[in-house]
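Contents: one structure, followed by commentary.
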Amino acid sequence: MANHTLAEAIQIPYLEEKGLISWITSTDHKRISILYLLSISTFFVVGGIAALLVRLELLTPGKTIVDAHTYNTLFTFHGTVMVFLFIVPGIAASFGNFLIPLMIGARDVAFPRLNLLSWYLYIAGAIIIVASLLQPADTGWTFYTPYSIRTGTDVILLTFGIFVAGFSSILTGLNFIVTIQKLRAPGMTWHRLPLFIWASYATAILQVLATPVIGISLLLLIAERVFGIGFFDPAKGGDPVLFQHFFWFYSHPAVYIMILPAMGIISEVIPVFSRKPIFGYKAMAYSLLAIAFISFLVWAHHMFTNGISQLAAMIFSFLTFLVAIPTAIKVFNWTATMYRGSIDLKSPMLYALSFIFLFAIGGLTGVFLAALAVDVHIHDTYFVVAHMHYVMIGGTVMGFLAALHFWYPKMTGKMFNEKVAKVAWAFIFIGFNVTFFPQFILGTEGMPRRYYDYLPKYQPLHELSTIGSWILAIGLFLMAINLIRGLLNGEKAPENPYGSLSLEWQVPSPPPHENFEEIPTVTDWTYGYGKKQ
Amino acid sequence: MEEMAEHAHAHHVDPVVEYQSSKFGMWLFIATELLLFGGLFTAYTIYRAKYPEMFHEQHLELNKPIGAINTVILICSSLTMALGVASIKRGKQELLRLFLSLTILFGIMFLINKYFEWGHEFRDGNYPGTSIFFSLYFMMTGLHMIHVIVGLLVLAVMLAWSFTGRFSDKYNTPIELGGIYWHLVDLIWIYLFPLLYLIG
């Protein structure tokens with residue numbers, strides 16, 4: 001861009017300049033978005049391979065392919081990579097970066113260089129996390145004390161990697177909050193913002209306010225291992241449950257860092273493919289903020305069986321039930337948006353519908369878990385594993401894939417093969433359910449999570465689950481091949497193939513460096529579908 | 001800080017919006033710092049409630065006069081920092097350099113005192129891990145010290161830049177943001193001093 005005048009720069013598509021150096025030094029939010037998209041997808045594959053190995057090991061009781069210690073390190077690595085390198089940065093850093101400036105009518109984020117620095121911090125954290133594989137940790141991604149103090153594996157390197165990646169998350173959140181507050185185009189009032197922007201804003205608040213707490217928790221855990229400071233060590237007068245409080249004070253809001261952007265995406269996709277305005281816009285916007293707010297008050301529901309007081313448990317149980325209200329508002333409003341709409345089942349819409357269906361299951365089983373007596377019974381069983389994956393894959397990953405197919409023409413300027421996309425979707429949807437639905441049943445029958453070995457009576461369901469993981473993997477592979485093929489020899493994408501009304505579709509595909517020739521003036525909200533145009 | 005102040009030149013963002021954005025970004029960053037320290041303050045609250053006698057007995061081993069002197073030093077440094085910001089807002093470059101230098105000098109004095117103080121604790125056999133109290137003492141003052149060092153590096157960069165004449169009454173956002181950060185460092189110490197040294 002340096003060699004062109006501004007007027008010229010406006011015309012050049014952001015993908016034009018070639019070469020690795022031009023990519024890793026670019027402060028263009030769209031290029032940084034692609035950098036994130038490639039990096040998080042890489043770690044999705046890495047974490048996914050670890051998951052396939054975990055599932056393969058669980059195919060039979062006793063040893064199938066690896067020993068118990070290796071199994072422990074595998075699920076730890078799977079959890080850490082998927083949580084901290086894929087799903088937490090995930091949609092926010094990739095699609096958030098691409099879409100926020102375009103959707104609000106800005107030329108870039110508020111701090112473009114800080115944005116690039118965030119990506120470097122993410123990569124630095126990722127390298128450290130991968131380096132810990134030399135002596136992989138076996139604590140699970142939750143690092144509970146006192147085991148994480150005593151284990152001989154490399155907890156320090158792994159947690160330090162997460163600490164560094166956390167800075168990336170904080171700076172991205174900070175950047176987005178300032179961008180959304182200060183750089184909206186004229187006329188783009190809060191109540192005209194696309195819901196994805198509201199979702200990104202709520203997410204960014206969580207990133208800024210919760211991430212420092214995991215930072216200090218992990219620093220204290222490292223200090224515990226290096227100096228033996230004793231905060232979390234009962235032998236020195238400390239309290240291991242305190243670590244859990246610290247950890248979940250971040251990691252519960254982090255669950256919403258993962259899911260809120262996906263909810264934003266679904267709110268963009270559903271109106272476009274139903275040709276109807278979003279139902280209950282304000283309720284949708286404020287329910288996002290409500291979820292973000294309540295998420296700070298529910299962390300101890302991860303600890304109902306760990307010796308917290310009965311009164312505290314009852315309060316946290318009640319607060320957890322509260323989350324169901326704004327969440328249900330969202331599910332009802334998406335459904336109501338589709339009601340009597342002109343529904344077009346293109347691949348983004350299929351993923352969006354899968355989101356609603358699977359997230360409803362994930363969310364409702366969360367209500368089971370919020371109930372104290374039920375939780376005591378199924379705590380730390382496969383029921384929790386299934387619940388979490390229904391929310392994280394059924395929710396966030398489905399949202400991510402919906403976004404990937406929806407904005408693919410805009411980001412790449414190419415079209416993918418829609419038929420193959422639908423076949424891949426079918427594999428993913430079926431594979432996911434075959435993998436995780438049996439785990440609900442396993443959990444209610446008493447199969448504990450993270451165990452290497454199990455009683456023979458659990459084997460049929462474990463086999464089913466493992467077979468499901470293969471179907472899911474085939475679907476994801478097919479999807480990836482389809483998108484890569486589209487990139488290489490897909491048709492050229494028009495400006496607005498899906499007929500969306502939001503601002504990012506009103507610029508060329510792929511968008512030019514400076515996004516808009518002239519900053520637009522906004523006169524209406526984004527969801528005026530179904531009117532005569 | 002520089003990033004926040006100097007970004008987006010290629011994008012021709014309105015300087016007023018740019019200034020507001022930078023300041024808002026800095027305050028958000030301050031919020032994250034408070035939450036980072038918040039974890040330690042929480043741990044302090046919990047363990048002081050759990051072990052009041054331990055906290056009382058062991059805090060007597062801390063060197064109150066050095067702690068008090070350091071408090072005065074940091075408050076003075078906040079004053080010189082504020083004067084530095086006020087100077088450049090009036091376009092007085094020499095005064096900015098003088099006050100930045102004084103702030104840095106105070107910061108270094110703080111670190112020298114801390115070096116002798118910690119050395120003294122180590123000779124007395126008090127380390128992180130000696131007891132929950134001393135673990136908290138070293139973690140809290142240690143994390144604060146890291147912030148002092150980072151603050152000094154930032155101020156040193158500001159001082160170097162101030163010689164290039166890039167700051168004026170019209171453009172001084174980095175100085176102001178650096179000032180906000182330095183005041184935060186000072187403010188945290190003002191809480192640490194009574195909590196650790198002056199337990200009644």
ask   = A:ALA283: touching a helix residue (DSSP H, G or I) at 6+ places or on another chain (Cβ under 9 Å), in a helix (DSSP H, G or I), in contact (Cβ under 8 Å) with a residue 40 or more places away in the chain and surrounded by 18 or more Cβ atoms within 10 Å (Cβ to Cβ), yes or no?
value = no
query = Does A:ARG192 count as surrounded by fewer than 24 Cβ atoms within 10 Å (Cβ to Cβ), within 21 Å of A:TYR286 (Cα to Cα) and in contact with a helix residue (DSSP H, G or I) (Cβ under 6 Å, 6 or more places away or on another chain)?
reply = no
ask   = Residues of region A:361-411 being assigned to a helix (DSSP H, G or I) and among the acidic types (Asp, Glu), which ones?
value = A:ASP375
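To keep it simple, each residue is scored yes or no on (1) over 23 Å from B:LEU187 (Cα atoms); (2) of a type outside the set (Val, Ile, Thr).
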position	(1), (2)
B:THR32	no, no
B:LYS92	yes, yes
B:PHE99	no, yes
B:GLU117	no, yes
B:PHE122	yes, yes
inquiry  = For a quick check of your reading of the model, give me the residue pairs whose first member lies in region B:175-200 and is more than 19 Å from B:GLY25 (Cβ to Cβ), whose second is small (Gly, Ala, Ser) and in a helix (DSSP H, G or I), with beta-carbon atoms closer than 8 Å and at least 6 apart or on different chains.
reply    = B:ASP186/B:SER77; B:ASP186/B:SER78; B:PHE193/B:GLY67; B:PHE193/B:ALA68; B:LEU196/B:GLY67; B:TYR197/B:GLY67; B:TYR197/B:ALA68
inquiry  = Any residue that is buried (at least 21 other Cβ atoms within 10 Å of the Cβ), out of contact with any Leu (no Cβ under 6 Å at 6 or more places or on another chain), farther than 23 Å from A:SER33 by Cα and at pLDDT below 95 - is there at least one of those in region A:521-533?
reply    = yes
query = Of the residues that sit in region A:295-352 and are of a type in the set (Lys, Arg) and within 26 Å of the chain's Cα centre (by Cα), which one is surrounded by the fewest Cβ atoms within 10 Å (Cβ to Cβ)?
reply = A:LYS346
request  = State all residues of region A:305-319 that are modelled with pLDDT under 95 and either within 28 Å of A:MET284 (Cβ to Cβ) or not in a helix (DSSP H, G or I) (or both); if no residue qualifies, say none.
outcome  = A:THR305, A:ASN306, A:GLY307, A:ILE308, A:SER309
inquiry  = I'd like the full set of residues that are facing another protein chain (nearest Cβ under 9 Å), assigned to a helix (DSSP H, G or I) and closer than 19 Å to A:ILE156 by Cα, limited to region A:225-241.
reply    = A:VAL226, A:PHE227
ask   = When A:ALA373 is evaluated against the numbered criteria (1) surrounded by fewer than 21 Cβ atoms within 10 Å (Cβ to Cβ); (2) of a type outside the set (Val, Ile, Thr); (3) at pLDDT 95 or above, which criterion, by number, is the only one it fails?
value = (3)
The one condition in (1) away from chain B (no Cβ under 14 Å); (2) over 25 Å from A:ALA50 (Cβ atoms) that A:LEU134 fails to fulfil = (2)
key: Index of the failed condition, A:ALA50 passing every other in (1) aliphatic (A, V, I, L, M); (2) under 14 Å from the mean Cα position of the chain (by Cα); (3) closer than 18 Å to A:ASP154 by Cβ   = (2)
ask   = Consider B:LEU195 against the criteria (1) surrounded by 13 or more Cβ atoms within 10 Å (Cβ to Cβ); (2) at pLDDT below 95: it satisfies all of them except one. Which criterion is unmet?
value = (2)
ask   = Where residues in region A:1-15 are modelled with pLDDT of 90 or more and touching a strand residue (DSSP E or B) at 6+ places or on another chain (Cβ under 9 Å), which of them is nearest to A:PHE95 (Cα to Cα)?
value = A:TYR14
request  = Mind listing just one residue for me: the one in region A:418-440 that is over 24 Å from the mean Cα position of the chain (by Cα) and touching a residue at least 40 places away in the same chain (Cβ under 8 Å) and, of those, nearest to A:SER347 (Cα to Cα)?
outcome  = A:GLU418
Residues (within 20 Å of B:LEU34 (Cβ to Cβ) and in contact with an Asp or Glu (Cβ under 9 Å, 6 or more places away or on another chain)) located in region B:155-177 = B:LEU177
inquiry  = Exactly one condition in (1) in contact with a helix residue (DSSP H, G or I) (Cβ under 6 Å, 6 or more places away or on another chain); (2) more than 30 Å from A:VAL298 (Cβ to Cβ); (3) surrounded by fewer than 21 Cβ atoms within 10 Å (Cβ to Cβ) is false for A:ALA424; which is it?
reply    = (3)
Any chance A:MET415 is modelled with pLDDT of 95 or more, surrounded by fewer than 24 Cβ atoms within 10 Å (Cβ to Cβ) and within 21 Å of the chain's Cα centre (by Cα) = no
query = Does B:GLY38 satisfy the condition of being part of a helix (DSSP H, G or I), in contact with a Pro (Cβ under 8 Å, 6 or more places away or on another chain) and within 12 Å of chain A (Cβ to nearest Cβ)?
reply = yes
request  = Would you check which residues across region A:242-257 are within 11 Å of another protein chain (Cβ to nearest Cβ) and closer than 29 Å to B:GLU53 by Cβ and list them?
outcome  = A:LEU242, A:PHE243, A:HIS245, A:PHE246, A:PHE249
task = Of the numbered conditions (1) within 14 Å of chain B (Cβ to nearest Cβ); (2) touching a Phe, Trp or Tyr at 6+ places or on another chain (Cβ under 6 Å); (3) of a type in the set (Val, Ile, Thr); (4) under 30 Å from A:ILE519 (Cα atoms), A:ILE214 fails exactly one; give the number of that condition.
result = (4)
note = Of B:PHE167, B:PHE138, the only residue that is over 13 Å from the mean Cα position of the chain (by Cα) and without any contact (Cβ under 8 Å) to a residue 24 or more places away in the chain is B:PHE138
task = Check region A:151-167 and report whether any residue there is assigned to a helix (DSSP H, G or I) and facing chain B (nearest Cβ under 9 Å).
result = no
request  = Working only within region B:49-77, note down all residues that are free of Cβ contacts under 8 Å to residues at least 60 places away in the same chain and part of a helix (DSSP H, G or I).
outcome  = B:ALA49, B:LYS50, B:PRO52, B:GLU53, B:GLU57, B:PRO65, B:ILE66, B:ILE69, B:VAL72, B:ILE73, B:CYS76
request  = Those residues that are modelled with pLDDT under 95 and small (Gly, Ala, Ser), I need them from region A:468-491; list them, please.
outcome  = A:GLY490
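The values are calculated or read from the model by the stated rules, or taken from the named source; none is laboratory data. What you are looking at is a predicted structure, and each value in this text was computed from that prediction instead of being measured. Neighbour counts are summed over all protein chains in view; Cβ atoms, including those assigned to glycine, are modelled from backbone coordinates with ideal geometry.
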